[in-house]
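Let me begin by presenting the structure, written as structure tokens, before commenting on it.
The values are calculated or read from the model by the stated rules, or taken from the named source; none is laboratory data. As the structure is a computational prediction, the values presented were derived from the model and not from experiment. A quick note on method: Cβ atoms are made from the backbone with ideal geometry, for glycine too, and the neighbour counts reach across all protein chains shown.
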Amino acid sequence: MTLTDSFKQYPVEDLDSIETGLLALKKEVYPLEWARLMNIKGILLSSLKRNIEAADIFNEALPYADDILKCKIMLNNAKNDFYAERTDSALELIGKVFDLAKTLKGNMTNFFLAHSHFLRGQIYYQTKRDKAAAVSEFKMAEFYFEGIADLLDVGLSCMEIARVHIKNKYLRPVWNYLKKSEDCLRKFGLQENLGVMVCRAVALFHSAREEEAQALLKEIYKLYDEFGQGHYMISQILDIYLDIHTRTQKYISTHGLT
């Protein structure tokens, strides 16, 4: 079985393969290998919205993991708690990841700090706890993702910063963040750049540049089936993109650390 960082790569029937592998491994003899497989099982269960089961699996695996795997398991469990709207528990786990990640060496520290800041920013933004704090978290995520040369996540972090500012109708810094996001995400294809284009259209609309916004939406309709099949107007885009089906919510719900 090929392991990747995306839930999309694990069909549901792979749960059977994981169970077979877990039966073949003895956690007392191969603790780290067993914990790795349990982490993947937790990711799968979380993607299936079996959040209570996923949390139990992550917690069972944790004592058998080394420090790097512990950080992955706790971050996956924090995401799982976030999906289940247990945000206090998610934030507590993120705090533990911060503490442990700072004891690691090399790029692994930056890797986990980046993902932790990004997830915490997402929690602050989605739960409307503190939008200013959300921006600070996304900026820290951007900084650490740059440190490990992760262009995809640098682009997503910049897009999140732009989105929070657009939501607050504070447009002065938006254009630079959208430009940086676009420069990073265009390397990964049209789909990854969709969020930037929609954010730009919304920002243009809020800047009283409605004709430019509508022109950009027409371009989006031509390029993306997701929008081209419908007849969305700018007011619908505001609801769909900023409040309901956000690009980063899609990212965060399909991104597990294996």
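Numerical summary
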item	result
In region 126-160, the residues that are small (Gly, Ala, Ser) and over 20 Å from GLU85 (Cβ atoms)	ALA132, SER136, ALA141, GLY147, ALA149, GLY155, SER157
Odd one out for ALA149, checked against (1) under 21 Å from ALA201 (Cβ atoms); (2) aliphatic (A, V, I, L, M); (3) not in a helix (DSSP H, G or I)	(1)
When residues of region 152-202 are limited to those that are part of a helix (DSSP H, G or I) and of a type in the set (Phe, Trp, Tyr), the one surrounded by the most Cβ atoms within 10 Å (Cβ to Cβ)	TYR177
Failed item, numbered, when TYR170 is tested on (1) more than 22 Å from the chain's Cα centre (by Cα); (2) over 25 Å from TYR124 (Cβ atoms); (3) not aliphatic (A, V, I, L, M)	(2)
Residue in region 98-116 that is among the polar types (S, T, N, Q) and under 15 Å from the mean Cα position of the chain (by Cα) present	yes
Near pairs, Cβ below 6 angstrom, 6+ apart or cross-chain, from region 32-46 (assigned by TED's automatic domain parsing to the domain that holds GLY21) to any residue that is at pLDDT below 90 and outside any helix (DSSP H, G or I)	GLU33/LEU25; TRP34/LEU25; TRP34/LYS27; ILE40/THR258; ILE43/GLY256; LEU44/TYR10
